[in-house]
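Notes follow once the structure below has been shown.
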């Protein structure tokens with residue numbers, strides 16, 4: 001009788017705990033005194049929603065409470081870096097990064113080290129990489145890309161490790177999901193890419209308009225070998241385009257007429273709202289337009305008149 005009561009005691013606790021709301025589908029280990037599940041790092045995905053932190057990939061966890069991905073810094077004694085994006089993610093939203101005290105981290109944008117960056121509000125468009133240093137190592141911990149709603153920066157999107165595609169549409173037309181998790185984006189149009197983290201179940205979406213067409217800029221007057229014997233007229237620049245013009249390596253303003261007359265070596269770069277660029281270098285040799293010829297002729301006439309006057313004056317002096 002005593003043995004039966006002893007065995008029934010933990011069973012009654014499990015039943016009472018189940019009645020209190022414990023997940024009845026849980027198949028792992030339970031605490032014999034409380035009847036509650038005991039989660040371990042090897043718990044299956046079905047129990048992941050019961051945990052505040054779940055493992056996404058090696059060295060990367062997801063924290064439900066902070067909505068952050070936690071990266072363990074190699075060779076650091078367990079220090080971490082947290083971010084609201086996963087490694088390799090593409091987003092239109094600002095990115096936030098939190099670095100543990102004692103971790104040396106550097107953030108690069110398109111290969112250039114950023115100075116005095118606000119890690120809580122990263123919003124510039126481009127490709128980022130976060131590099132951290134351990135005791136005896138340097139590691140690129142994760143990368144991410146921030147794009148505008150209209151972009152020409154994307155040719156494809158490889159879904160991050162630990163994630164799965166759920167839907168891809170181009171111009172609202174559903175596409176077959178690629179087995180390699182790479183969405184090709186060479187075709188222009190509106191893309192909607194939906195995917196989710198397999199460990200956490202958190203869903204994400206990227207909606208962008210892909211535009212790969214560069215600005216239709218034309219340069220009239222530039223001949224062979226990118227040389228011009230006269231004025232150069234720039235046309236095709238649209239409202240919103242960013243224009244950069246260098247003359248002999250220094251900033252130079254393009255007039256509203258688009259006409260460039262001064263001799264020199266030029267470098268023109270035009271960037272549209274999708275990030276596509278037009279680049280052209282050219283050289284204007286010394287030349288005289290009609291106005292210049294008129295002034296030149298006038299100057300020559302003045303010089304000739306002055307010389308004639310001086311010669312005549314000298315002759316008059318000799319005669320006297």
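The numbered conditions (1) farther than 26 Å from residue 156 by Cβ; (2) in contact with a strand residue (DSSP E or B) (Cβ under 7 Å, 6 or more places away or on another chain); (3) touching a residue at least 24 places away in the same chain (Cβ under 8 Å) are all true for residue 214 except (1).
For the range 272-284, residues that are in a strand (DSSP E or B) and within 31 Å of the chain's Cα centre (by Cα) total 6. Of all the numbered requirements in (1) under 18 Å from residue 148 (Cβ atoms); (2) at pLDDT 95 or above, residue 239 misses one, and that requirement is (2).
Among residues belonging to the range 76-85 that are in contact with a strand residue (DSSP E or B) (Cβ under 8 Å, 6 or more places away or on another chain) and over 13 Å from residue 130 (Cα atoms), point out the one that is surrounded by the fewest Cβ atoms within 10 Å (Cβ to Cβ). The selected residue is 78. Residue 212 passes every criterion in (1) under 18 Å from the mean Cα position of the chain (by Cα); (2) surrounded by fewer than 16 Cβ atoms within 10 Å (Cβ to Cβ) apart from (2). Among the residues of the range 193-204, are any assigned by TED's automatic domain parsing to the domain that holds residue 88, free of Cβ contacts under 8 Å to residues at least 40 places away in the same chain and not in a strand (DSSP E or B)? The answer is no, given that none of the residues of the range 193-204 is assigned by TED's automatic domain parsing to the domain that holds residue 88, free of Cβ contacts under 8 Å to residues at least 40 places away in the same chain and not in a strand (DSSP E or B).
Residue-level check: of (1) surrounded by 16 or more Cβ atoms within 10 Å (Cβ to Cβ); (2) out of contact with any helix residue (DSSP H, G or I) (no Cβ under 6 Å at 6 or more places or on another chain); (3) modelled with pLDDT of 95 or more; (4) over 30 Å from residue 209 (Cβ atoms), residue 259 misses just (1).
To keep it simple, each residue is scored yes or no on (1) without any contact (Cβ under 8 Å) to a residue 12 or more places away in the chain; (2) part of a strand (DSSP E or B); (3) outside the structural domain of residue 152 (by TED's automatic domain parsing).
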residue	(1), (2), (3)
225	yes, no, yes
230	no, no, yes
233	no, yes, yes
238	no, no, yes
246	no, yes, yes
255	yes, no, yes
262	no, no, yes
267	no, yes, yes
270	no, yes, yes
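Residue check: is residue 136 assigned to a loop (DSSP other than H, G, I, E, B), within 17 Å of the chain's Cα centre (by Cα), assigned by TED's automatic domain parsing to the domain that holds residue 58 and more than 20 Å from residue 205 (Cα to Cα)? When the stated conditions are applied, residue 136 does not pass them.
Scanning the range 178-192 for residues that are assigned to a loop (DSSP other than H, G, I, E, B) and either at positive phi or surrounded by fewer than 18 Cβ atoms within 10 Å (Cβ to Cβ) (or both) yields 178, 179, 180, 181, 186, 187, 188.
The values are calculated or read from the model by the stated rules, or taken from the named source; none is laboratory data. For clarity, every value in this text was computed on a predicted model and none was experimentally measured. Note that we place each Cβ from the backbone using ideal geometry, even for glycine, and neighbour counts take in every protein chain shown.
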